[in-house]
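K.L.:
Before I ask anything, here is the structure I am working with.
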Protein chains: 2
Amino acid sequence: MNATLTFGNTTAGKIAVVGLGPGEPRFLTPQASAALEEAEALYGYMPYLERVPVREGQQRFASDNREELARAGAALAHAAAGAKVAMVSGGDPGVFAMAAAVIEAIETGPAEWRALDLTIVPGITAMLAVAARAGAPLGHDFCAVSLSDNLKPWEIIETRLRLAAQAGFAMAFYNPVSKARPHQLDRAFEVLREELAGTVPVIFGRAVGRPDERMRLVPLTNARGHMADMATCIIVGSPETRIVERPGLPALVYTPRRAGDA
Amino acid sequence: MNATLTFGNTTAGKIAVVGLGPGEPRFLTPQASAALEEAEALYGYMPYLERVPVREGQQRFASDNREELARAGAALAHAAAGAKVAMVSGGDPGVFAMAAAVIEAIETGPAEWRALDLTIVPGITAMLAVAARAGAPLGHDFCAVSLSDNLKPWEIIETRLRLAAQAGFAMAFYNPVSKARPHQLDRAFEVLREELAGTVPVIFGRAVGRPDERMRLVPLTNARGHMADMATCIIVGSPETRIVERPGLPALVYTPRRAGDA
């Protein structure tokens, strides 16, 4: 798994799965910029593609949010034909995003896709941007959970929330609501209120760094599903998470590096 | 918690806590570059400071790895005197790094520190870089756990590992070993072998993207503490994590977006 093996050793086209971060250019790494610049063809969910500056001669293939596996297959077939392809992904492609879909498509697709020069380009995932804006709520042990039951039964989600609360993890929630699932986030908060004190801080972060940024801090007892939309990342503190009030400034939320009696 | 409140509204100096990512310039975001460039004084653990290009007239204050709170206090005092200060942090400052220490110092320090213009600049944290190099092992629900018992009792760590395994989380381990704690990682693997199948993939990732990069993939049954050092980030798959073999290329490790019977 060294650079020579991963980046060389094939002439059958290239595919990069590129994390754009939370959306503002200031979060885009030089590696991601270079991968986008180099690509002959860009694939991705329309709102992510729209964030990439147009370059003449570069093809664009936009798709719907729900067609991940089909989109991955189309991009891989294009790369296998010899093209330099970039699949754009919001945040980090490895966190509830396109990298797993691309690799699943490789696993189930034609053998030649396994010979492709594949690079996953990491990015700033939503929870890191929201945490940075709020302080350091993920400063100690934490978990990241998708609340979507499109791809797993809701019972698994409830079990994971309970075990995570019992473990003392702070938690970041991705995909907290959708039009098809308006009530599940309220149920998630109910489950957590059975396991955690009502004073545990909950952060709703949306569109960090963009003009329509919205940050909201409430105690768990007051957390409600209508406070989030599809683009919100939610961070629930651990029992150790603290709030530091600042006169005239937003409070800072942080989880100390110390836990238990140590 | 909007931009005006957080970035303006004070004249008492500035402090940015800046995530450098895993170490290579290609991971450094434009926001981080700008914060480093703007700073009049840099604070940080020596090996991180050494990654920042020297700029004439910019002061540097290097410190030992174990002096986090003292380092944070010195940087805050400097900022409170009116300077533009950057505290550099490896990876993401909010994940087992300097952001929580800086906010803890603010909480326990003089009231004027609460008036400082504080910005946390997110970065690519180690687990995202290691995951990207290996495939998408964090492609579904996962947790991040520090294995250091400097700041929490070892019993809490074992409990968290068991609950995380029962929850079906993939796991990323930070601070897996140190000279003072050579045997605890072996104990952690023992605990996990009691909860998980021996076939679960374990990835040891070190110095991703650097000339001395080392990636290693073993089944849990063969995972041993000596395979890691202080700078290693370890990813343990979930029971759903899969390996895709590639002729002449490293295998890809990914956790499918689908879980349970959905």
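Quick note: the coordinates plus some simple rules give every number you see, no bench work behind them. This one's a predicted model, so the numbers in the text were calculated from it and none came from an experiment. Cβ atoms come from the backbone with ideal geometry, glycine included; neighbour counts cover every protein chain shown.
K.L.:
Could you point to the residue in B:Leu151, A:Ala62, A:Thr159 farthest towards the positive end of the protein assembly as shown's charge dipole, with +1 and -1 charges on the Cβ of Lys/Arg and Asp/Glu respectively?
P.N.:
A:Ala62
K.L.:
In addition: Roughly what % antiparallel, to the nearest 5, for the DSSP beta bridges in the protein assembly as shown?
P.N.:
Values: 43 of 95 bridges.
Rounded to the nearest five, the antiparallel share is 45 percent.
K.L.:
All other residues with a Cβ under 9 Å from the Cβ of B:Glu38 taken together, and with Lys, Arg as +1 and Asp, Glu as -1, what is their net charge? Walk me through the numbers on the way to the answer.
P.N.:
Numbers: positive: B:Lys14, B:Lys84; negative: B:Glu37, B:Glu40.
Here the count lands on 0.
K.L.:
About the Cα centre of the protein assembly as shown, what is the dipole size in debye to 20, counting +1 per Lys and Arg Cβ and -1 per Asp and Glu Cβ, all else neutral? Could you put the intermediate results ahead of the total?
P.N.:
Details: 52 positive and 56 negative charges, 35 e Å.
Using Cβ point charges on Lys, Arg, Asp and Glu, the protein assembly as shown gives about 160 debye.
K.L.:
Treating cross-link reach as a plain straight distance, find the lysines whose alpha-carbon is under 20 Å from the alpha-carbon of B:Lys179, omitting any fewer than eight places away in the same chain.
P.N.:
B:Lys152
K.L.:
Give me the inter-chain shielding for B:109-120: mean count of other chain Cβ atoms within 10 Å, whole number please. Let's see the in-between values first.
P.N.:
Numbers: counts 0, 0, 2, 0, 2, 8, 4, 2, 1, 4, 2, 10.
Mean inter-chain Cβ contacts per residue within 10 Å come to 3.
K.L.:
Now, a different point. Starting at the first residue of the stretch B:35-50, write each ³J(HN,Hα) from the Karplus equation 6.51 cos²θ - 1.76 cosθ + 1.60 with θ = phi - 60°, in whole Hz, x for Gly and Pro.
P.N.:
Result, rounded to whole Hz: 5, 5, 5, 6, 5, 8, 9, 10, 10, x, 5, 3, x, 6, 4, 5.
K.L.:
Further question on the same structure: List the trypsin sites (Lys or Arg not before Pro) within the stretch A:117-210 that DSSP assigns to loop and that have no more than 13 neighbouring Cβ atoms inside 10 Å. Before the final figure, lay out each step's value.
P.N.:
Numbers: sites: A:Arg133, A:Arg160, A:Arg162, A:Lys179, A:Arg187, A:Arg193, A:Arg206; in loops: A:Lys179.
Here the trypsin sites (Lys or Arg not before Pro) that fit, given the DSSP loop and packing criteria, are A:Lys179.
K.L.:
Out of the trypsin sites (Lys or Arg not before Pro) in the stretch B:14-99, which ones are loop residues according to DSSP with at most 10 other C-beta atoms within 10 Å?
P.N.:
In loop regions of the stretch B:14-99 (DSSP not H, G, I, E or B), the sparsely surrounded trypsin sites (Lys or Arg not before Pro) are B:Arg66.
K.L.:
Run through the other copies and list how far each one's label point is from that of A:Arg51, in nm with one decimal, shortest first; the point sits 7 Å from Cα along Cα-Cβ.
P.N.:
For A:Arg51, the other copies' label points sit at 2.2 nm, shortest first.
K.L.:
Would you mind calculating the relative contact order of the stretch A:3-124 from Cα pairs under 8 angstrom and at least 6 residues apart, reporting the percent as a whole number? Write down the numbers at each step before the final one.
P.N.:
On the way: 249 pairs, mean separation 53.2, N = 122.
Relative CO of the stretch A:3-124 lands at 44 percent.
K.L.:
In addition: Among A:Gly13, A:Gly94, A:Gly57, which one shows the highest mean-square fluctuation when chain A is modelled as a Gaussian network with alpha-carbon springs under 10 Å?
P.N.:
Evaluated over chain A, the most mobile residue of the options is A:Gly57.
K.L.:
Related question: Please give the net charge around A:Val191, taking every other residue with its beta carbon less than 13 angstrom from that of A:Val191, where Lys and Arg add +1 and Asp and Glu add -1.
P.N.:
Working: positive: A:Arg160, A:Arg162, A:Arg187, A:Arg193; negative: A:Glu155, A:Glu158, A:Asp186, A:Glu190, A:Glu194, A:Glu195.
Neighbour charge sum, excluding A:Val191 itself: -2.
K.L.:
Charges at C-beta only: +1 for Lys and Arg, -1 for Asp and Glu. How large is the resulting dipole of chain A about its Cα centre, in Debye rounded to 20? List each step's numbers first, then the result.
P.N.:
Working: 26 positive and 28 negative charges, 114 e Å.
Its charge dipole is roughly 540 debye.
K.L.:
Still on this structure, please answer the following. Just to confirm the filter: which GluC sites (Glu not before Pro) across the stretch B:47-91 are DSSP coil and have at most 14 other Cβ within 10 angstrom of their Cβ? Each step should come with its number before you reach the end.
P.N.:
Details: sites: B:Glu50, B:Glu56, B:Glu67, B:Glu68; in loops: B:Glu50, B:Glu56, B:Glu67.
Passing both the DSSP loop test and the Cβ count: B:Glu50, B:Glu56, B:Glu67.
K.L.:
Between chains A and B there is a rotation axis; tell me the chain A residue with the nearest beta carbon and how many whole Å away it sits.
P.N.:
Chain A residue with minimal Cβ-axis distance: A:Cys143, 2.
K.L.:
Continuing with this model, one more query. Measuring from a point 7 Å out along Cα→Cβ, what nm distances, shortest first, does A:Asn150 have to its partners in the other copies?
P.N.:
Here A:Asn150 shows inter-copy label distances of 4.2 nm.
K.L.:
Using the Karplus curve 6.51 cos²θ - 1.76 cosθ + 1.60 with θ = phi - 60°, what ³J(HN,Hα) values do you get for each residue of the stretch B:233-250, in whole Hz, with x for Gly and Pro?
P.N.:
Listing the rounded values in order: 10, 10, 10, 9, x, 8, x, 8, 5, 10, 10, 10, 6, 9, x, x, 10, x Hz.
K.L.:
Compare the Cα positions of B:Ile234, B:Val191, B:Gly168 along the charge dipole of the stretch B:127-254 (+1 at Cβ of Lys, Arg; -1 at Cβ of Asp, Glu; about the Cα centre) and return the one farthest towards the positive end.
P.N.:
Result: B:Ile234.
K.L.:
Follow-up question, since we're still on this one. If the label for A:Pro219 sits 7 angstrom from Cα along the Cα-to-Cβ line, what are its distances to the same label in every other copy, in nm to one decimal, shortest first?
P.N.:
5.1
K.L.:
For the stretch B:20-91 and the stretch B:218-255, what is the separation of their Cα centres, given in Å?
P.N.:
If we compute the Cα centre of each part, the gap is 33 Å.
K.L.:
Would you mind counting up the charge near A:Leu76? Only other residues with Cβ under 12 Å from its Cβ, with Lys and Arg at +1 and Asp and Glu at -1.
P.N.:
Local charge sum for A:Leu76: -1.
K.L.:
Give me the dipole magnitude in Debye, nearest 20, for the stretch A:157-262 about the Cα centre, with unit charges on the beta carbon: positive for Lys and Arg, negative for Asp and Glu.
P.N.:
Numbers: 15 positive and 11 negative charges, 48 e Å.
Result for the stretch A:157-262 is approximately 240 debye, rounded to the nearest 20.
K.L.:
Also, quick follow-up: In percent, how large is the relative contact order of chain B, given Cα pairs closer than 8 Å and 6 or more residues apart? If you can, show how the numbers build up before the last one.
P.N.:
On the way: 524 pairs, mean separation 49.8, N = 262.
About 19 percent, as a whole number.
K.L.:
Which residue, B:Thr108, B:Thr29, B:Thr241, tops the fluctuation ranking in a GNM of chain B built on C-alpha contacts under 10 Å?
P.N.:
B:Thr108
K.L.:
Take B:Arg55 and B:Arg193, extend 7 Å from each Cα along the Cα→Cβ direction, and tell me the distance between the two endpoints in nm.
P.N.:
The modelled label-to-label distance comes out at 5.1 nm.
K.L.:
Using a 10 angstrom cutoff on alpha carbons, build the Gaussian network for chain B and name the most mobile of B:Ala80, B:Ala101, B:Ala167.
P.N.:
Ranking B:Ala80, B:Ala101, B:Ala167 by mean-square fluctuation puts B:Ala167 first.
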